[in-house]
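Enquirer: Shown below is the structure under consideration.
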There are 2 protein chains.
Amino acid sequence: MRLRLVSTVSRQLQRHRWFATSATQHGHEQHNNNNNNKEQGETRGKRFNNGIVYGAATIGGIAAGILLFNELDKQRNPSSSSSPVVVHAQADADEETKARLWHSTKREDLPTYSADDVGKHNNPEAGIWITYGVGVYDVTEFAPNHPGGDKIMMAAGSAIDPFWSIFQQHNTLEVLELLEGFRIGNLNRSDVAVVDEKDSPWSQEPKRHALLKPASERPFNAEPPIGLLPDHFLTPNELFYVRNHLPVPTLQPDEYELELEVESGDGKPQHKLTLEEIKALPKHSVTAAIMCGGNRRSEMTRVKPVKGLSWGAGAVGNAKWSGARLCDVLQAMGVQPSEKLHVIFEGADLDPTSHPYGASIPLSKAMDPRGDVLLAYEMNNEPLSRDHGYPIRVIVPGTVGARNVKWLTRIIVADHESDSHWQQNDYKGFSPSTDWDTVDFSKSLAIQSMPVTSAICTPMPEEHVKVDEEGCITARGYAWSGGGRRIVRVDLTSDGGKTWHVAELEQEDLPDGRHYGWSLWTARLPITSDQKNAQHIEIWAKAVDSAYNVQPEAFEHIWNLRGVLANAYHKVKVKLI
Amino acid sequence: MRLRLVSTVSRQLQRHRWFATSATQHGHEQHNNNNNNKEQGETRGKRFNNGIVYGAATIGGIAAGILLFNELDKQRNPSSSSSPVVVHAQADADEETKARLWHSTKREDLPTYSADDVGKHNNPEAGIWITYGVGVYDVTEFAPNHPGGDKIMMAAGSAIDPFWSIFQQHNTLEVLELLEGFRIGNLNRSDVAVVDEKDSPWSQEPKRHALLKPASERPFNAEPPIGLLPDHFLTPNELFYVRNHLPVPTLQPDEYELELEVESGDGKPQHKLTLEEIKALPKHSVTAAIMCGGNRRSEMTRVKPVKGLSWGAGAVGNAKWSGARLCDVLQAMGVQPSEKLHVIFEGADLDPTSHPYGASIPLSKAMDPRGDVLLAYEMNNEPLSRDHGYPIRVIVPGTVGARNVKWLTRIIVADHESDSHWQQNDYKGFSPSTDWDTVDFSKSLAIQSMPVTSAICTPMPEEHVKVDEEGCITARGYAWSGGGRRIVRVDLTSDGGKTWHVAELEQEDLPDGRHYGWSLWTARLPITSDQKNAQHIEIWAKAVDSAYNVQPEAFEHIWNLRGVLANAYHKVKVKLI
């Protein structure tokens, strides 16, 4: 079984090496006429051979993950039974079980194809076929609209099983139904991709804190209960939200090397730094909140469903990060400031084709000493945990979490952004009327600096809150803005904005433009007798940053198909006792 | 008459030198233990002697200014007959005329006081009396709530006539009514302050373009018709909005000197630069929009009245500014980067006590080459006009207009912000529930970087717009964000946000963080048959900047008592034909 898996996967990878290479070339041609395709191709090729240990995980864990996730959502907002998420949870379990069997069931009404038959359909001209289990699917028409962009082409003419094992967001009833609609046949049983758990890339995931509630298990994505967040100005490491895009790699500190390249210019300097060498550089610390681009997506989803993990307001944490300054490293390499260059980061976490997770930031941010970009090896004075990027994670303060690449193994100064899926076809904002038929990721800016936001952490939705002797209730939460912009005010209302109350802020005393940590806030809200009689109120929070940007009121007009940048007023309904 | 004026004014200025000096000392004590009060006091004293030529202007021009302003507002939004502004315009003219006579009419029911009697009441303990025309007023209780802050103390125990001649925002029915409520007596006729026009500081105002519609005549504040704005990526100089806080000074280029001081640190380097010396420095150009902090205030006023000039959406312009870089000058002076210092700017425009207009910015902005702060002598390749700061204006790209000090004569590097009224007690944002009873200016951040905003310039409100052959109408406007943040998208809707249409942008190709110019936009809006039948639509515009900050929906929740930062969605109702 193992051998067959290897041959199936390696065949499909070989078959699609053209794609990976041409995609890379395309990215470079677009931005850089001085690229070195030969070296690139060889690097990619070498990586492919490491990719063959990938296999699909069993489906069992997924259902558990969905249950957990729904449980979390119910805890978050037990009243919102009309939310799409909860509707999904209430979908007929039989329907779901049936859907999960489709791709492993032969359809007698359809013809049977060999893997070779399928393999010939690996491009738009010949048609794009894929297999999943025993099913053969023609996705030619669908491919241009694939939410994951052209990553779907990696599976063209072959099995998607190992990809869906990594990108488990596909394991939903909706996606399975969509796929079965493309069914054109059955795959020869002897060609079906099969995997076992022993060689699964998930077999070495770290243990996590029981309080982290997963939005997905594989890759592991989880947030703490937000009620705990205001208790610590520096979020305890074990409660810090985890956002992994791929399996967690295992890096040995004594074997660790960080590769550094300058792709542009005349020469092509190459440097390598061991962990010890990075630690020997001057050590700097910065307090920075890291926030997922999809934080609070579950609120946006209530307007209209979006693609993405259904995060609550807990996909954020605040920590003191310590490490070497990237600007020191780049300066030592002789890199000159430029506003046209980018710094590309690659992690050791690999997708099924051995492409690493990648992202980039402008060089001007990386070179600015006030940008405080760190090659961090400590989080709150402790070595990074594996889930947070051990041994090195780049910390890009004020910038969306996705650019804070974990398990950092390679830095490239280039005249183009990272060509990774996550930089090019994800983590971008769009107009509310842009849908999957009209979206053009190439036209939108990759998120870097994040907009101003806030959340009410206590009381929790539907909590029973006692009005105190002074006739008030107390609310607590966090507020943050990207780009080093300090929070200057948080306003709260319990009467729909007729009266606003200014919260007390707990924040560091740092200059504006370099104020990367979050602000915790506490507000006292007077309760009127009318409110007391009505026994419930809705609390709204909005923050203002040092550029006097303020949160938008509602999700309706900032809705976007990826559910990112969900920074509308945070609203929490509570019961008064 | 002239002589009596001089003696009256100089007496009151001498009497209140204590205030100016102590206010200055207070400002420095608060921030700087190394201040040099003696030198400061001498400088101030010298300036006082220049102040005695100030006198009150005749009231005649004010009524004309109000009429003009109301006319402008009617043109802007003829349908909004319920707006406070228009209500004001419709107030009984007789009432207003009567109010304007109060302070020049002796009240037989009240006692008569001499100027000496009044002069003894110049502090909170003794009571604060002022005179206006023949009226004597006790403003002891009101003084702490004065919207202009402690500037009112400059007139304590003396005549406010020369101050109100400069700060003509007092010449409204509301203020006159408020004042008359404080009436306690009549002033001896022989002590009444009288002025003539010949020595008025307003006698040398420049000629302005007829299309500039004044929001106030003295000081001159005017904006162009916004329909003209999208016609030029670089706003023509003569149509560029003018925001003056004081009379326009007349500076001779051959006598011009820019003083430079470093107030902090061990030494106290003093430098002077002539105009020729500034022009001999390397010349840099930057395209930057300058926007008044009160731009679009007239829209915020419709929620609830605010204090301040009733600007439309035309208090913004975009120009190519050229001059020497402030960072080059500061570096040559040996100033080291610091995040704790500020750069204070003083203009040659003086208030009645000879205090200059002043403002400050963080030193980190001034020292950053990417901050592009210029000592500008050219605007769109022409020498600055007098209204725009001839011969030198500091251009602080991305920063509220008020910090772009005109007629720049002095730069001070200090460990505190400018102690000017405009830095300390104006141009700050507050919560919607903060009123003049609860406001504490010292607790709020002086506006620097401005938030994202946009405006629909065409069609104009209530314009009759023809639906074209393709069933669309075209809208045009501008969008801008502070801090060098590029506009990445402008969305428009004509159906209350059900569908949004993305505008085409015209903007410079500059890196984010240094994108200081505005973006002009054009959008095509399809008109449904329902809309066509209804014959009217409301268009909304909202912009998104590179930090993905977005405009708030409505003014209700961003209202603030000074009417600044009015960046909610711009909404324009038009008729379809």
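The values are calculated or read from the model by the stated rules, or taken from the named source; none is laboratory data. Remember, it's a predicted structure, so these values are computed and weren't measured experimentally. No Cβ is skipped: glycine too gets one built from the backbone with ideal geometry, and neighbour counts run over all protein chains shown.
Enquirer: Consider B:ASN380 against the criteria (1) over 27 Å from B:ARG297 (Cβ atoms); (2) more than 14 Å from every other protein chain (Cβ to nearest Cβ); (3) surrounded by fewer than 24 Cβ atoms within 10 Å (Cβ to Cβ); (4) more than 19 Å from the chain's Cα centre (by Cα): it satisfies all of them except one. Which criterion is unmet?
Expert: That leaves (1) as the condition not met.
Enquirer: With the requirement that a residue be of a type in the set (A, V, I, L, M) and assigned to a strand (DSSP E or B), what does region A:337-354 give you?
Expert: A:VAL343, A:ILE344, A:ALA348, A:LEU350
Enquirer: Right, another one. What number of residues within region B:198-215 are out of contact with any helix residue (DSSP H, G or I) (no Cβ under 6 Å at 6 or more places or on another chain) and either in a strand (DSSP E or B) or among the hydroxyl-bearing types (Ser, Thr, Tyr) (or both)?
Expert: Residues that pass the stated criteria total 2.
Enquirer: Keeping to region A:517-538, report how many residues are within 14 Å of chain B (Cβ to nearest Cβ) and either touching an Asp or Glu at 6+ places or on another chain (Cβ under 6 Å) or not charged (D, E, K, R) (or both).
Expert: 5
Enquirer: Name the residues in region A:251-270 that are modelled with pLDDT of 95 or more and assigned to a loop (DSSP other than H, G, I, E, B), would you?
Expert: Hits for region A:251-270 are A:LEU251, A:GLN252, A:PRO253, A:ASP254, A:GLU255, A:TYR256.
Enquirer: Can you pull out every residue in region A:96-120 that is among the acidic types (Asp, Glu) and in contact (Cβ under 8 Å) with a residue 60 or more places away in the chain?
Expert: Scanning region A:96-120 gives a single hit, A:GLU96.
Enquirer: Here is a list of conditions, (1) at the interface with another protein chain (Cβ under 8 Å from one of its Cβ atoms); (2) buried (at least 22 other Cβ atoms within 10 Å of the Cβ); (3) closer than 14 Å to A:GLN551 by Cα, and B:SER546 meets all of them except one; can you say which number that is?
Expert: Looking at each condition in turn, B:SER546 falls short on (3).
Enquirer: Right, something else. Here are A:GLU261, A:GLU257, A:GLU276: which of them is surrounded by fewer than 20 Cβ atoms within 10 Å (Cβ to Cβ), without any contact (Cβ under 8 Å) to a residue 60 or more places away in the chain and farther than 13 Å from A:ASP387 by Cα?
Expert: None of the others qualify; the one that does is A:GLU276.
Enquirer: Spot the failing condition for B:ALA566; the list is (1) over 24 Å from the mean Cα position of the chain (by Cα); (2) modelled with pLDDT of 95 or more, and only one is missed.
Expert: Of everything listed in (1) over 24 Å from the mean Cα position of the chain (by Cα); (2) modelled with pLDDT of 95 or more, B:ALA566 misses just condition (1).
Enquirer: Quick test for you: out of A:SER454, A:SER481, pick the one residue that is crowded, with 20+ Cβ neighbours inside 10 Å, within 14 Å of chain B (Cβ to nearest Cβ) and out of contact with any Lys or Arg (no Cβ under 9 Å at 6 or more places or on another chain).
Expert: A:SER481 is the lone residue from the list that is crowded, with 20+ Cβ neighbours inside 10 Å, within 14 Å of chain B (Cβ to nearest Cβ) and out of contact with any Lys or Arg (no Cβ under 9 Å at 6 or more places or on another chain).
Enquirer: Among the candidates B:SER216, B:SER190, B:SER203, single out the residue that is at pLDDT 85 or above and either surrounded by fewer than 20 Cβ atoms within 10 Å (Cβ to Cβ) or on the phi > 0 side of the Ramachandran plot (or both).
Expert: The unique qualifying residue is B:SER203.
Enquirer: Provide a single number: the residues in region B:422-432 that are touching an Asp or Glu at 6+ places or on another chain (Cβ under 8 Å) and either more than 10 Å from chain A (Cβ to nearest Cβ) or polar (S, T, N, Q) (or both).
Expert: So the answer is 4.
Enquirer: Go through the residues of region A:403-414 one by one and say whether even a single one is within 24 Å of A:HIS271 (Cβ to Cβ), out of contact with any Pro (no Cβ under 7 Å at 6 or more places or on another chain), within 13 Å of chain B (Cβ to nearest Cβ) and surrounded by 22 or more Cβ atoms within 10 Å (Cβ to Cβ).
Expert: no
Enquirer: Could you figure out which of (1) of a type outside the set (Gly, Ala, Ser); (2) surrounded by fewer than 20 Cβ atoms within 10 Å (Cβ to Cβ); (3) touching a residue at least 24 places away in the same chain (Cβ under 8 Å) isn't true of B:ASP231?
Expert: (3)
Enquirer: I would also like to ask the following. Which numbered condition in (1) within 14 Å of chain A (Cβ to nearest Cβ); (2) over 23 Å from the mean Cα position of the chain (by Cα); (3) over 23 Å from B:ASP231 (Cβ atoms) is the only one that B:GLU469 fails?
Expert: That leaves (1) as the condition not met.
Enquirer: Need pairs with beta-carbon distance below 9 Å; first residue under 13 Å from A:ILE160 (Cα atoms) and within region A:183-199, second aromatic (Phe, Trp, Tyr) and at pLDDT below 80; sequence gap 6+ or separate chains.
Expert: Here the result reads A:VAL195/A:TYR54, each pair linking region A:183-199 to a residue that is aromatic (Phe, Trp, Tyr) and at pLDDT below 80.
Enquirer: Okay, moving on. So for region B:384-393 (the condition being among the hydroxyl-bearing types (Ser, Thr, Tyr) and either surrounded by fewer than 24 Cβ atoms within 10 Å (Cβ to Cβ) or within 14 Å of chain A (Cβ to nearest Cβ) (or both)), does at least one residue qualify?
Expert: Yes: one or more hits.
Enquirer: Okay, moving on. Kindly establish whether A:TRP436 is among the aromatic types (Phe, Trp, Tyr), more than 14 Å from chain B (Cβ to nearest Cβ) and under 23 Å from A:VAL306 (Cβ atoms).
Expert: Against the criterion (among the aromatic types (Phe, Trp, Tyr), more than 14 Å from chain B (Cβ to nearest Cβ) and under 23 Å from A:VAL306 (Cβ atoms)), A:TRP436 qualifies.
Enquirer: Here's something else I'd like to know. Can you tell me how many residues within region A:484-511 are within 8 Å of another protein chain (Cβ to nearest Cβ), among the β-branched types (Val, Ile, Thr) and touching an Asp or Glu at 6+ places or on another chain (Cβ under 8 Å)?
Expert: Qualifying residue count for the region: 2.
Here's the yes/no breakdown for (1) out of contact with any strand residue (DSSP E or B) (no Cβ under 8 Å at 6 or more places or on another chain); (2) of a type in the set (Phe, Trp, Tyr); (3) at positive phi:
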position	(1), (2), (3)
A:SER298	yes, no, no
A:PRO305	yes, no, no
A:GLY317	no, no, no
A:PRO337	yes, no, no
A:VAL343	no, no, no
A:HIS355	yes, no, no
A:ASP372	no, no, yes
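Enquirer: Right, here's the next one. Select, from B:ARG514, B:ARG476, the only residue that is at the interface with chain A (Cβ under 10 Å from one of its Cβ atoms) and not hydrophobic (A, V, I, L, M, F, W, C).
Expert: Result: B:ARG514 is the single residue among B:ARG514, B:ARG476 that is at the interface with chain A (Cβ under 10 Å from one of its Cβ atoms) and not hydrophobic (A, V, I, L, M, F, W, C).
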